[in-house]
1. Give the dimensionless ratio obtained when the Cα radius of gyration of the range 23-139 is divided by 2.2 N^0.38 Å.
2. Find, to one decimal place in angstroms, the Kirkwood hydrodynamic radius of the range 120-181, where the mean of 1/r is taken over every pair of different Cα atoms and then inverted.
3. Per 0.36 nm of contour for each residue apart, how much would the distance between Ile114 and Phe32 grow if the chain were fully extended, relative to their Cα-Cα spacing?
4. So, with +1 on the Cβ of K and R and -1 on the Cβ of D and E, and no other charges, what is the size of the charge dipole of the chain about its Cα centre, to the nearest 20 debye?
5. Taking Lys135 as the anchor, which aspartates and glutamates have their alpha carbon closer than 20 Å to its alpha carbon, excluding any fewer than eight residues away along the same chain?
6. Kindly give the semi-axes, whole Å and largest first, of the ellipsoid equivalent to the range 158-203, taking each as the square root of 5 times a Cα gyration tensor eigenvalue.
7. Counting only protein heavy atoms and using a 1.4 Å probe, what share of the accessible area of the chain belongs to carbon plus sulfur, as a whole percent?
8. Could you pull the Rg and Dmax for the range 247-309, using just the Cα atoms, both in Å?
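The values are calculated or read from the model by the stated rules, or taken from the named source; none is laboratory data. For clarity, every value in this text was computed on a predicted model and none was experimentally measured. Because the Cβ atoms are built from the backbone with ideal geometry, glycine has one as well, and the counts that use them run over all protein chains shown. To get the accessible areas, we keep the full protein, side chains included, count just its heavy atoms, and leave off ligands, DNA and RNA. Shrake-Rupley method; radii C 1.70, N 1.55, O 1.52, S 1.80 Å.
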Amino acid sequence: MSQSTIFETTAFAEPGKFVPMDAKEYERTRQFAKLPQSNIAYVERGHGQVALFLHGFPLNGFQWRGAIERLSKYRRCIALDFMGIGHTETREDQDISPVAQAEMLAAFLDKLSIDAVDLVASDSGGAVAQLFVAKYPGRARTLLLTNCDTDLNSPPPSFLPFLEAAKKGVLADALGRQLADKSLARSAKGLGGLTYTNPADLTDEALDYYLSPIVASPSQKKLFNQFGIELGENHLVAIRPALQSSKVPVRIVWGTADDIFEYKWAEWLDKTFPESRGIRRVEGAKLFFPEEMPNLIAEEAKSLWGNAKKLAAETIAFPLIY
């Protein structure tokens, strides 16, 4: 495979000019792309070829702030909020299924005059990424997947109680209780305990940024519950042949302590994508480890994107969270 060119930018490269992407900065730099489907909220940093980051459920683009800090020297990094979640503005009658989300991504790229992207995706965002690669193969240069929906494991069995809560219209309210009681959110049965390697890494700031939009209004609650319902339908088995013939280079980075997406599904992806670059096991890590371990994601992304030897000699002066 020919190596992709790495575009190194000077923006944010000088330590004195670096601005951390905390919630305040993320909020300040948020933009919107007005599409027929929705008014898509997104944040971007950097220049050159585009890397598009796709978040998991029930998070939003803020999930990728650490990776974007580290990678915006090499790519124009964009993290958006899917329709029906986060700060994206969506009508209640809008189709927000994973298939519709993939179609939205194509419209979003058209709106920003972007031809192709390097995809980085997690959880339900990984399902959308696979659907995008299957439908628009020429628009993905590379695909970096972490623990996510895969083929028959979509939805995973452990998601079914949340699916039932969404169907009853109470899933958003359940997360609202975790917003009000952050110790509950970081408990064994909360968002932090279930999906973070170290529940303490799910900070108050992050909880506020993730969960406040979900319960901001009755309309937002309804959309969020519908988002959960849409995740109950399997759209991935149908695209298996497209993935088996895909020419997109893929790297798989998988947390081994995730009870939702077992390691065998990383092996399935590795065997299915002809251009797989293999699997990196992240021992003891749970679903949302990419937020906790941004240095690891940055390392893997740069290696996948090419010219890794040159980039490895450069120092990114950011501390690991873990």
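1. 0.96
2. 13.5
3. Here the answer is 28.0 nm.
4. Values: 36 positive and 40 negative charges, 118 e Å.
Dipole size: approximately 560 debye.
5. Here the aspartates and glutamates satisfying the reach criterion relative to Lys135 are Asp95, Glu103, Asp110, Asp115, Asp118, Asp123, Asp149, Asp151, Glu230, Glu233, Asp270, Glu275.
6. 20, 13, 6
7. Numbers: 6920 of 13020 Å².
Ligands and nucleic acids excluded, carbon and sulfur reach 53 percent.
8. Gyration radius and largest Cα-Cα distance of the range 247-309: 11.9, 35 Å.
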